[in-house]
Amino acid sequence: MQKKRVVITGLGVVAPNGLGVKNFLHAIKNGISGIKHDAELVRLQFSCQISGTPEIAEELKKEYFTELELKNFNASGILYGVIAGIDAWKDAGLSIENNENPDWESGTIFGSGTSGIEKFRESIYKIDDFQTRRLGSTAVAQTMNSGVSAYLAAKLGLGNQVTTNSSACATGTESILMGYERIVSGQAKRMLVGSTSDRGPYIWGGFDAMRVCTFKHNDSPEKGSRPMSASASGFVPGSGAGAMILEDLESALARNATIYAEVLGGNSNSGGQRGEGTMTAPNSIAVQKCIEDALLNSNINSNQIDTINGHLTATTKDSLEIFNWSKALYLSKSDFPYINSLKSMIGHCLSASGSIESVATVLQVHHGFIFPSINCEDLHPEIETLVNREKIPQQLLQKEINIAVKASFGFGDVNACVVFKKFS
């Protein structure tokens, strides 16, 4: 029996450098950074005092939430995820109807690392101040990890699987793979997939304490995120959400939907924190196997890949990631495909990174371009031994893309890799 084909029919994004697909597309094509000075991090005496934080106007919130919903609402991750998710749904040409019965054919797998960290803080202070009864009726909904998928399900009337996955920085990419499998297995016609991340010091503080965030560019925010650069000094914390509608090809064709790209397959695995793998460091063998198995699952060869969107965070592990790609693909320096990092423009959006970066990757496939990796004019010498400099574009490159690969690697030694193809 032939495997069901799965296509992408809708996109939504809330990114530090662009709200909505149109603004985001303009930003990534033009290398526009969304990283800015962060007054709150200065006040709290963080070492890193810059961030990639989407700015949401109060009026925009009212387009997605009722006044009652916004009362005592304080969950940035849910806010970002609902905006991105509903935008993707509408972009796919799907209607929002208040029917008595749910849409049994549509579901969501929308990931997060935490939920409502701001609401948690607010609630803890109230509880400690003997004001438990003043928490409000939505404190649980805002702080449960599945809050984002629950909010989306209610707004869209989703009746298929509704859940939230969580695998650190691999969350977003993993959600795409999980939604893809749901459709391939015949259990759903369409799945809203993606991920979100809360913003602010209570999410980023632990990373600042670990000294993995840069502190050398507090006076030059747009230069702060430097994946693949010899002068990279740590990642810039970010937040936001990315979303896409995955759909059974037959369903998409039947309703004459726009098709951005096809999902060929992918793989997720773990290094088990064995060998060189730890809670915070990758097991290279597992990373390589994840990439190899993703290509095998997608039935493609490495020499068919036009471009890679790497995880590439601007830490000391960037060179190792490039090495793992070269080993997994069995490609020499001269044959290595194009590779870029969206984090150069938006920072590391943690649990939202894989989904936002996947939206960017799909846009490259659909529109035929490779966005620039900014801030790596001083390419790391270890990387330059593995990849020709011209394969890491620092300016917009107009190019037909047939196959693009996106990978994410996260704390806990977890990996996810997905393969996108131009639809034909």
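The values are calculated or read from the model by the stated rules, or taken from the named source; none is laboratory data. Please read all numbers here as calculations on a predicted model, not as lab measurements. Neighbour counts run over all protein chains shown; Cβ positions are idealised from the backbone, glycine included. Note: accessible area is taken over every heavy atom of the protein model, side chains too, but ligands, DNA and RNA are not part of it. Shrake-Rupley method; radii C 1.70, N 1.55, O 1.52, S 1.80 Å.
Could you go through region 89-97 in sequence order and give the Karplus-derived ³J(HN,Hα) for each residue, using 6.51 cos²θ - 1.76 cosθ + 1.60 with θ = phi - 60°, rounded to whole Hz, and x for Gly and Pro?
So the Karplus estimates, Gly and Pro as x, are 4, 5, 4, 6, x, 8, 8, 9, 10 Hz.
Hey, what number do you get for the chain at 222 nm if only DSSP H runs of n ≥ 4 count, each worth -39500 (n - 2.57), divided across all residues, to the nearest 500?
Values: 16 runs with 145 residues, N = 424.
Helix-only estimate at 222 nm: -9500 deg cm²/dmol.
Quick one: what are the phi-derived ³J(HN,Hα) couplings along region 300-309, Karplus 6.51/-1.76/1.60 with θ = phi - 60°, whole Hz, x for glycine and proline?
Ordered by residue, 3J(HN,Hα) equals 10, 9, 4, 6, 8, 6, 8, 8, 10, 9 Hz.
For a quick check: with amide H placed at 1.01 Å from N, whose amide H comes under 5 Å from Ser229's, ignoring anything fewer than 5 positions away on the same chain?
His380
Mind checking the full-extension length gain between Asn30 and Ile285? Use 0.36 nm per residue of separation minus the Cα-Cα distance, one decimal, nm. Mind dumping the intermediate values first?
On the way: separation 255, 0.36 × 255 = 91.80 nm, distance 3.56 nm.
Value of the extension gain: 88.2 nm.
When the scattering of region 340-424 is computed by the Debye formula from its Cα atoms alone, each counted once and equally, what is log10 I(q)/I(0) at q = 0.13, 0.22 Å⁻¹?
-0.46, -1.23
Hey, any idea what % of the chain's accessible area is carbon plus sulfur with a 1.4 Å probe? Please list the in-between numbers first.
Working: 8620 of 17330 Å².
Of all accessible area on the chain, carbon and sulfur atoms account for 50 percent.
Between Glu377 and Gln45, what length in nm is gained on full extension when 0.36 nm per residue of separation is reduced by their alpha carbon distance? Could you put the intermediate results ahead of the total?
Details: separation 332, 0.36 × 332 = 119.52 nm, distance 3.04 nm.
Roughly 116.5 nm would be gained on extension.
With labels modelled as points extended 7 Å from the Cα through the Cβ direction, what inter-label distance (nm, one decimal) is found for Ser220 paired with Lys327?
If labels sit at Ser220 and Lys327, their model points lie 3.4 nm apart.
Work out the length of the dipole vector of the chain about its Cα centre, built from +1 on the beta-carbon of each Lys and Arg and -1 on the beta-carbon of each Asp and Glu, and round it to the nearest 20 debye.
Numbers: 38 positive and 43 negative charges, 36 e Å.
The calculated dipole for the chain is roughly 180 debye.
Mind listing the long-range amide H neighbours of Asp198? Cut-off is under 5 Å, sequence gap 5 or more, other chains count too, H placed in the peptide plane at 1.01 Å from N.
Gly77, Gly113, Thr114
Considering amide H positions built from the backbone, and no H for Pro or chain starts, which residues 5 or more places from Ile50, or on another chain, come under 5 Å of its amide H?
It is Asp38, by chain and number.
If pairing requires two Cys Cβ atoms under 4.7 Å apart, which cysteines of the chain are left without a partner?
Within the chain, the cysteines lacking a partner Cβ under 4.7 Å are Cys169, Cys290, Cys349, Cys376, Cys417.
Which values of log₁₀ I(q)/I(0), to two decimal places, follow from the Debye formula for the chain at q = 0.06, 0.08, 0.14 Å⁻¹ with a uniform point scatterer at every Cα?
-0.22, -0.39, -1.25
Might you report the magnitude of the Cβ-based charge dipole of region 138-223 about its Cα centre, with Lys and Arg at +1 and Asp and Glu at -1, to the nearest 20 debye?
Numbers: 8 positive and 6 negative charges, 44 e Å.
Its charge dipole is roughly 220 debye.
If you place +1 on the Cβ of every Lys and Arg and -1 on the Cβ of every Asp and Glu, how big does the dipole about the Cα centre of region 356-400 come out, in debye to the nearest 20?
Numbers: 3 positive and 7 negative charges, 39 e Å.
The calculation lands at about 180 debye.
Taking θ as phi - 60°, what are the ³J(HN,Hα) couplings along region 225-239 by the Karplus curve (6.51, -1.76, 1.60), each to the nearest whole Hz, with x for Gly and Pro?
8, 10, x, 6, 8, 5, 9, 4, 10, x, 8, 9, x, x, 7
Volume per residue, Å³, of the convex hull around the alpha-carbon atoms of region 153-217?
Working: hull volume 8.0 nm³, N = 65.
Hull volume normalised by residue count: 123 Å³.
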